[in-house]
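Working notes for the structure below.
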Amino acid sequence: MQKPEDSYRRRLQRDVPTGIAAFLCLIALLLPTIGVTTLLVEGPHLEARGHPLYWLLLGLPAIWSWRMMDYTPGALRTIRPTLFATPFLAAAVLIAAHVSGRDMVAYRVMFLSTVVICTVGGFLYNRSLLAREGAGD
């Protein structure tokens with residue numbers, strides 16, 4: 001017999017605004033995470049990949065995103081707070097890049113992209129089944 005939470009999870013997976021909001025949440029969090037990584041790990045990308053901090057910084061969002069795409073309730077509950085807080089993280093990365101004297105073009109693009117993505121994600125989240133009925137148990 002099928003559990004009620006399995007049918008709810010399938011309904012969430014078929015809900016387009018929920019899926020797009022979750023995807024945008026992942027992208028929005030990934031942008032400032034990459035920004036933090038470029039600030040903390042020196043060198044070109046191939047050299048940076050050999051640094052343990054690179055894998056630690058990018059590994060944590062990867063685990064979270066894996067759970068998010070599996071529609072686990074704990075990860076789904078983080079969509080709204082993440083869409084709210086990520087622009088502040090992006091602003092902090094932008095300020096840190098400015099203070100450290102980095103070339104600002106990439107960091108400005110990261111910040112603006114994060115704000116736009118979070119705005120669109122929040123708009124879609126408010127219209128989603130997840131916002132109406134919650135993440136389940």
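The values are calculated or read from the model by the stated rules, or taken from the named source; none is laboratory data. From a predicted model like this one, the values you see are computed outputs, not experimental measurements. Here the Cβ positions follow ideal geometry from the backbone for every residue, glycine too, while neighbour counts run over all protein chains shown.
Within the range 66-87, can you find the residues that are hydroxyl-bearing (Ser, Thr, Tyr) and over 15 Å from GLY121 (Cα atoms)?
TYR71, THR72
Out of all the residues in the range 111-127, which are under 18 Å from LEU29 (Cβ atoms), of a type in the set (S, T, N, Q) and surrounded by fewer than 15 Cβ atoms within 10 Å (Cβ to Cβ)?
THR119
Which of the residues that make up the range 65-77 are crowded, with 17+ Cβ neighbours inside 10 Å and touching a residue at least 12 places away in the same chain (Cβ under 8 Å)? Please lay out each step first, then the result.
At the first step, the residues of the range 65-77 found to be crowded, with 17+ Cβ neighbours inside 10 Å are 65, 68, 71, 75-76.
Residues satisfying the conditions are SER65, MET68, TYR71, LEU76.
Can you find a residue in the range 126-135 that is of a type in the set (A, V, I, L, M) and within 15 Å of the chain's Cα centre (by Cα)? It would help to see each step written out before you state the result.
Applying the first criterion (of a type in the set (A, V, I, L, M)) to the range 126-135 yields 129-131, 135.
This time we only want the ones that are within 15 Å of the chain's Cα centre (by Cα), so: none.
Scanning the range 126-135 turns up no residue that is of a type in the set (A, V, I, L, M) and within 15 Å of the chain's Cα centre (by Cα).
From the set of residues in the range 92-110 that are touching a residue at least 60 places away in the same chain (Cβ under 8 Å) and crowded, with 19+ Cβ neighbours inside 10 Å, which is nearest to the chain's Cα centre (by Cα)?
Checked the range 92-110; the qualifying residue nearest to the chain's Cα centre (by Cα) is MET110.
How many residues does the range 59-105 hold that are at pLDDT below 90 and among the aromatic types (Phe, Trp, Tyr)?
Of the residues in that region, 3 qualify.
Output the number of the condition that TYR54 fails; it satisfies all remaining conditions of (1) modelled with pLDDT under 85; (2) in a loop (DSSP other than H, G, I, E, B); (3) surrounded by 13 or more Cβ atoms within 10 Å (Cβ to Cβ).
(2)
Of the conditions (1) of a type in the set (Lys, Arg); (2) more than 20 Å from the chain's Cα centre (by Cα); (3) part of a helix (DSSP H, G or I), ARG67 clears all except one; give me its number.
Going through the list (1) of a type in the set (Lys, Arg); (2) more than 20 Å from the chain's Cα centre (by Cα); (3) part of a helix (DSSP H, G or I), ARG67 breaks only (2).
Restricting attention to the range 81-91, which residues are free of Cβ contacts under 8 Å to residues at least 24 places away in the same chain and either among the hydrophobic types (A, V, I, L, M, F, W, C) or under 11 Å from LEU39 (Cβ atoms) (or both)?
Answer for the range 81-91, where residues must be free of Cβ contacts under 8 Å to residues at least 24 places away in the same chain and either among the hydrophobic types (A, V, I, L, M, F, W, C) or under 11 Å from LEU39 (Cβ atoms) (or both): ALA85, PHE88, ALA91.
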